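Single-structure report; data block below.
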Amino acid sequence: MKWQDCERLDQSDVLRTIFYPRPDLSPDDEQTVRFQVADDIALGGRFHPAAKDAPVILLFHGNGEIAADYDTFVPLYLKIGVSLLVVDYRGYGKSGGTPTFSALLEDAVSVYRQMHKGLSDHGYEVKRLFIMGRSLGSAAAIEIAVQAGDGINGLIIESGFASGFRLMKRLGGISLAELDEDKCGLNNAGKLERVKVPTLIIHGEEDTIIPFEAGETLYRRCGSEKKTFLAIPGAGHNDLLYVAHREYFRAIEKLVSG
C-alpha cells in the first residue's frame, strides 16, 4: 500500500538521522539474489539454502548492516535446518536507489510477493515461511506480517521498536508530533495487534538504543495466541547472538518446528 504522511519522513534531515547505508562491492556469487522493486531499482540479497524444502526465514537486517554481514551466522541457521534469505534495503549492500521510509515498507512487501516464485525458479520450494526483522528491519517484517496474514507461518522480531516516532526522537531529537504515526506505517506495536501467526520477540535487557521496554510492549500488544518473549540478560542491541546464541537459536528452532 502507499503510505500517507510519509513526505516529512522522507526529507533529508530525518533520513540522515535514521539510515546509514553501506555498499557491498564484492563480486556476485551463488548466494547473490536480486528482486526488482521499481523499473530501475533492484534490491540485492543473499540466499543460503539448507534442504530444497527446508523452512525459509526471510530476514530484514538492522541499520548499518548489510546482507553479507550475516554470512558469519549462516551455519547456525543451517544447523537447525533453516534456509536463510537476507535482503538489503535501497542503497545498502548490492541494492540500487537510496533509502526512504516509504520505500522500506513497500519494498519489503514486494520482496515477499516475489520470493516464492524466485526461489522455486531455482528449485527451492517454500513450504514454510517465517519473516524476521531486526531493529530497523522490524518495521519491514511487521508490515509483511500484517499484509500476508496466514500466508506466512510465523514472525520473529529482534531488538524491534514499538514506536518509530519515539525512536527517532530518542536518536536524533526529531519531533514528528504533527504527523499520524499510523498513517506513516511506523506504529509497530499498533500493527502487531493485527498479527495472529506464531510470533517470537527477542530483546536484550541492556539495550540502550531501543530500550527493553519496547520489546515488552511489542510482546504485550501482539495479537497472536502463540507468542513467546525471549529476554536476554546482559545483552545490548547488537550482541544478542554473542551473549546467548544457544538460547537464541533454540527459540527460533522451536518456532519453525512448531
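The values are calculated or read from the model by the stated rules, or taken from the named source; none is laboratory data. For clarity, every value in this text was computed on a predicted model and none was experimentally measured. With ideal geometry, Cβ positions are generated from the backbone for all residues, glycine too; neighbour counts draw on all protein chains shown. The accessibility values were calculated without ligands, DNA or RNA, using every heavy atom of the protein model including side chains. Shrake-Rupley method; radii C 1.70, N 1.55, O 1.52, S 1.80 Å.
Table for the structure above
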item: The stretch 91-238 - Kirkwood radius from inverse mean 1/r over Cα pairs (Å); result: 16.0
item: Eligible aspartates and glutamates near residue 227 by straight Cα distance, threshold 19 Å, same-chain separation 8 or greater; result: 143, 150, 158, 193, 205, 213, 216, 247, 253
item: Neighbourhood net charge (10 Å Cβ-Cβ; Lys/Arg +1, Asp/Glu -1) for residue 43; result: +1
item: Per residue accessible area of the chain, 1.4 Å probe, in Å²; result: 45
item: Set of lysines near residue 127 by C-alpha distance (under 18 Å), chain-local residues within fewer than 8 positions excluded; result: 52, 117, 254
item: Globularity index of the stretch 32-126, i.e. its alpha-carbon radius of gyration over 2.2 N^0.38 Å; result: 1.04
item: Mean residue ellipticity (222 nm) of the chain, computed from DSSP H runs ≥ 4 via -39,500 (n - 2.57), nearest 500; result: -10500 deg cm²/dmol
item: Highest-fluctuation residue, 45, 234, 223 considered, GNM on the chain with Cα pairs under 10 Å; result: 234
item: Where only alpha carbons of the stretch 175-258 are counted, the Rg and the Dmax (Å); result: 14.3, 44
item: Relative contact order %, the stretch 142-235, counting alpha carbon pairs below 8 Å whose residues are six or more apart; result: 34
item: Most mobile listed residue (67, 38, 140) in the chain, GNM with C-alpha springs under 10 Å; result: 38
item: Relative contact order of the stretch 84-219, pairs being alpha-carbon contacts under 8 Å that are 6 or more residues apart, as %; result: 21
item: Candidates 29, 182, 71, ranked by Gaussian network fluctuation over the chain, Cα under 10 Å, top entry; result: 29
